[in-house]
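Notes to accompany the following structure.
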Protein chains: 2
Amino acid sequence: MPSPQLLEEYSQFFRILSEPARLQLLCHLKQGPTDVATLIEATGFSQSHISRQLGQLQRAGLVRCDRDGARTIWQAEGDLVDELCHLVQGRLRQRLEAQLQQFKAA
Amino acid sequence: MPSPQLLEEYSQFFRILSEPARLQLLCHLKQGPTDVATLIEATGFSQSHISRQLGQLQRAGLVRCDRDGARTIWQAEGDLVDELCHLVQGRLRQRLEAQLQQFKAA
DNA sequence: ATCACCTATGACGATAGACGCATTATGCCC
DNA sequence: GGGCATAATGCGTCTATCGTCATAGGTGAT
């Protein structure tokens, strides 16, 4: 039985991934290093919002940045999220198939 | 690049795991089938709250229930969450070790 | 130094979700 | 059927977080 503290840490990490905006940013950064202007254009979010979300992703260790003068270039770090999504995708697919069988049986 | 709909699904799933209360319930149910009265005593939450959280976990396919008359017996379903937590735990540990190295270097 | 540009942060409204209380619905037992 | 236990739901409150605007901080060019 995990300690409450550990459960708290887990939940905080999953909370990071519980927002489509952040997943969207992560996916863009998976394509390669990107500057903020590009992220603004790609997502339609305000600059301040993107800055905050990147900050959260950075504190979670999912993203890193290199400064190019005034500009900041961001990139995804590690494959953890890909692996997590892959596992989840399997479950989602599996559940849809089960629902489909229900319909066929009826 | 995943579709916005898929990202939405992912985020909704991760949101389920973003609450310590739900992780706590899941962990208890991992120990084996349990009735609600036991969960109330173990967690200290109200009956209504536990009922709702179990409902969410059920809709996500993480939990199933068998009725025993008026009583309901719940149990965890599948190992997905364990696998996800295992991956996350690796990352958390890895980051703490990195921080530790920072201190040692200083 | 001043200007233009980019990022980080404070303030704010809007909204979502946690959590409990009270009530209702549901299933046993007599 | 009535009475009793258990589970589900309507409602209210409160807190946290999203997302924006405005602003402050920082960096390079002229």
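Pick from A:Glu19, A:Glu41: which is under 23 Å from B:Phe13 (Cα atoms) and at pLDDT 95 or above?
A:Glu19
What is the residue count in region B:34-51 for residues that are among the polar types (S, T, N, Q), open to solvent by 30 Å² or more (accessible area, probe 1.4 Å) and away from DNA strand C (no atom under 13 Å from the Cβ)?
Qualifying residue count, region B:34-51: 1.
Kindly provide the set of residues from region B:68-79 that are surrounded by fewer than 18 Cβ atoms within 10 Å (Cβ to Cβ) and on the phi < 0 side of the Ramachandran plot, ordered by number.
B:Asp68, B:Ala70, B:Arg71, B:Thr72, B:Ile73, B:Gln75, B:Glu77, B:Asp79, listed by residue number.
Does B:Phe103 satisfy the condition of being over 26 Å from A:Glu97 (Cα atoms) and among the aromatic types (Phe, Trp, Tyr)?
Yes: the conditions hold for B:Phe103.
Can you list the helices (runs of 4 or more DSSP H) found entirely within chain B that contain at least 2 residues being over 22 Å from A:Gln89 (Cβ atoms)?
Result: B:20-30, B:36-43, B:47-59, B:80-105.
So, in region B:52-67, of the ones that are open to solvent by 20 Å² or more (accessible area, probe 1.4 Å) and more than 8 Å from DNA strand C (Cβ to nearest atom), which residue ends up farthest from A:Cys85 (Cα to Cα)?
B:Asp66
Out of (1) in contact with a strand residue (DSSP E or B) (Cβ under 9 Å, 6 or more places away or on another chain); (2) more than 13 Å from chain B (Cβ to nearest Cβ), the odd one out for A:Ile40 is which?
Only one criterion is unmet by A:Ile40, namely (1).
Residues B:Gln47, B:Gln12, B:Gln58: which one is more than 7 Å from chain A (Cβ to nearest Cβ) and either more than 11 Å from DNA strand D (Cβ to nearest atom) or in contact (Cβ under 8 Å) with a residue 24 or more places away in the chain (or both)?
The unique qualifying residue is B:Gln12.
When region A:15-27 is examined, which residues are found to be surrounded by 17 or more Cβ atoms within 10 Å (Cβ to Cβ) and more than 7 Å from chain B (Cβ to nearest Cβ)?
Answer for region A:15-27, where residues must be surrounded by 17 or more Cβ atoms within 10 Å (Cβ to Cβ) and more than 7 Å from chain B (Cβ to nearest Cβ): A:Ile16, A:Arg22, A:Leu25, A:Leu26.
What's the number of the condition B:Pro4 fails, among (1) within 15 Å of DNA strand C (Cβ to nearest atom); (2) loosely packed, with under 15 Cβ neighbours inside 10 Å?
Unmet for B:Pro4, out of (1) within 15 Å of DNA strand C (Cβ to nearest atom); (2) loosely packed, with under 15 Cβ neighbours inside 10 Å: (1).
Return only the number of the condition from (1) away from DNA strand D (no atom under 13 Å from the Cβ); (2) more than 10 Å from chain A (Cβ to nearest Cβ); (3) open to solvent by less than 30 Å² (accessible area, probe 1.4 Å); (4) among the aliphatic types (A, V, I, L, M) that B:Ala106 does not satisfy.
Of (1) away from DNA strand D (no atom under 13 Å from the Cβ); (2) more than 10 Å from chain A (Cβ to nearest Cβ); (3) open to solvent by less than 30 Å² (accessible area, probe 1.4 Å); (4) among the aliphatic types (A, V, I, L, M), only one is false for B:Ala106: (3).
The values are calculated or read from the model by the stated rules, or taken from the named source; none is laboratory data. These numbers were taken from a predicted model, which means no experiment stands behind them. Here the Cβ is made from the backbone with ideal geometry for all residues, glycine too, and neighbour counts use every protein chain on show. When the accessible area is computed, the model is the full protein with side chains, heavy atoms only, and any ligands, DNA or RNA have been set aside. Shrake-Rupley method; radii C 1.70, N 1.55, O 1.52, S 1.80 Å.
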